[in-house]
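The next block holds one structure in the form of structure tokens; read it before the comments.
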Amino acid sequence: MQIGIIGYPYSGKTTLFQTISQIHIDPNIASKKDSNQAVVKVPDTRLDKLTDMFNPKKKVNATIEFVDFAGFQNVEQKGGIFNTAFLVKARTMDAIVHVVRGFADDTVPHVLNTVNLERDVQNLEDEFVLADLAFVETRIEKLEKDLQKQKNKDEVEKELSEMIRWKETLEGNVPLREIEFDDNVKKFLKNYQPLSAKPLMVALNLDENDVPNKDKIVQRISEKFTSKKILTVPFFAKIELELSQLEEEEKEIFMADYGLEGSPLNRLIQSAYNLLGLQSFFTVGEDETRSWTIRKGMTAQESAGVIHTDFFNKFIRAEVIGYDHFIEEGSFAKCKEKGYFRLEGKEYIVNDGDILNIRHS
Ligand SMILES: Nc1nc2c(ncn2[C@@H]2O[C@H](COP(=O)(O)OP(=O)(O)OP(=O)(O)O)[C@@H](O)[C@H]2O)c(=O)[nH]1
Ligand SMILES: [Mg+2]
């Protein structure tokens, strides 16, 4: 899974990226590159606890990839702040983090001159809609030509009617993430990956002075941009980068002072899991303990397929224990005694935190 970090120049994207990835980016090199990328371990205290209990040779966290994009170009030009390279790459992201500048600092240039969270969030919404509209209009032209050729008529007509629905939605200034997609048109969403359909995290890079008002600001923005597919996440890029480099004890003291909970990585991953409907299951043993990411609602067989395609094809049963039960009882034997150890078939819907052992042929 890939999450793209985007936003206006100097909003704090690379600072956030460095906190998340713990990679140091040389600012002179960073400005010349299109993007920075890092594969990051998904933190999970449950996996840490299981690892303590099993003492395996290896602990393997699920991972997630973050891509730190260069700032938007030509920011004064409405409908044109994304270049082609940006569009191509951003469309492949599973979710977007929009870093919005909320800090005042005269030493850092501000491309729009003033701090205004609402304006910046709205601008990006507008740009997404305009970029998708440009795509849809070109697509409709092409489909109309195809229709005259009378080739694959049914398929062309089906797509054309869906593209017209997208166009009308976008012309009403509504992002595509707000409309429903039936199974028979989901493939267009998958093929074209419109930006305004992507789950969005609005990451407010707030000013140090906003620490006491943090929750109010978040509430104000999330009320203005209400959607099932938008979450507002606050952070303090500069402070949190410095904090991330401190020792654990010191870190906790400072974080309490700032009223911060968890790391920016924790906050973003939690939001991403919520937005994308993701959850984790675990596999345990003497060799390794490991966390895996799946979509909510996935069956035991589908989840087995995430471990290995062979496990999907040759699935027999899954041995299942809920994480809480395992921690409560402390061993497989005790779980068996209490009836917490279950054998489930391929249609079993996996729960968040299930410990699975796949039996296969
Ligand atoms: N005072 C203050 N400065 C910040 C904060 N976040 C970032 N900066 C500074 O702002 C400058 C730009 O930060 P970056 O993280 O490089 O911004 P960016 O969004 O990656 O910028 P581009 O990649 O050029 O688009 C750096 O000098 C940072 O130290 C913040 O929360 N407070
Ligand atoms: Mg940057």
Legend entry - Alpha-carbon Rg with Dmax, taken over the range 297-360, Å: 11.7, 33
Legend entry - Order of D207, D34, D106 - criterion: other Cβ atoms within 10 Å of each residue's Cβ, fewest first: D106, D34, D207
Inset, instruction - Treating each Cα of the range 222-300 as an identical point scatterer and ignoring solvent, apply the Debye formula and state log10 I(q)/I(0) at q = 0.12, 0.23, 0.27 Å⁻¹. - result: -0.55, -1.03, -1.17
Legend entry - Efficiency of FRET from Cβ geometry, Q77 and S227, R₀ 30 Å, rounded to 0.05: 0.70
Inset, instruction - Take the Cβ-Cβ distance between D106 and E171 as r, set R0 to 41 Å, and report the resulting FRET efficiency rounded to the nearest 0.05. - result: 0.50
Legend entry - Entries in K145/K187; K153/K229; K89/K167; K158/K190 that, when Cα-Cα distance is taken, lie over 24 Å: K153/K229
Legend entry - Set of aspartates and glutamates with alpha-carbon distance to K186 below 18 Å, sequence-local pairs under 8 removed: D94, D132, D154, E155, E157, E159, E162, E168, E178
Inset, instruction - For a footprinting-style exposure proxy, rank F86, F54 by other Cβ within 10 Å, fewest first. - result: F54, F86
Legend entry - Summed residue charge, Cβ within 13 Å of G353's Cβ, Lys/Arg positive, Asp/Glu negative: -2
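Let me check I've understood the local charge: for I294, count other residues with C-beta under 11 angstrom from its C-beta, Lys and Arg +1, Asp and Glu -1. What total comes out?
-1
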Legend entry - the chain, relative contact order [Cα under 8 Å, separation at least 6], %: 18
Inset, instruction - Over every pair of different alpha-carbon atoms in the chain, take the mean of 1/r and invert it; report that Kirkwood radius in Å. - result: 22.9
Legend entry - Beta bridge orientation in the chain: antiparallel %, DSSP, nearest 5: 45
Legend entry - Partners for K59 among lysines (Cα-Cα distance below 17 Å; same-chain residues under 8 apart left out): K41, K49
Legend entry - Whichever lysines have a C-alpha closer than 20 Å to that of K346, once near sequence neighbours (fewer than 8 apart) are set aside: K296, K314
Inset, instruction - May I ask you to order 310-317, 278-285, 177-184 by the average number of other C-beta atoms within 10 Å around their residues, highest value first? - result: 278-285, 310-317, 177-184
Legend entry - Footprinting exposure proxy for L112, L275 (fewest neighbouring C-beta atoms within 10 Å first): L112, L275
Inset, instruction - Can you bin the range 1-146 into rounded, prolate or oblate? Criterion: square roots of the alpha carbon gyration tensor eigenvalues sorted a ≥ b ≥ c, rounded for a/c under 1.5, prolate for a/b above b/c, oblate for the rest. - result: oblate
Inset, instruction - Provide the FRET efficiency to the nearest 0.05 for the M53-D215 pair, computing r from the beta carbons and using R0 = 45 Å. - result: 0.80
Legend entry - Signed unit charges on C-beta, dipole axis of the chain, positive-most listed residue L133, M53, N274: L133
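We did not get these values from a lab; they are worked out from the coordinates using the rules stated. From a predicted model like this one, the values you see are computed outputs, not experimental measurements. FYI the Cβ positions are ideal-geometry reconstructions off the backbone, even for glycines, and counts take in every protein chain you see.
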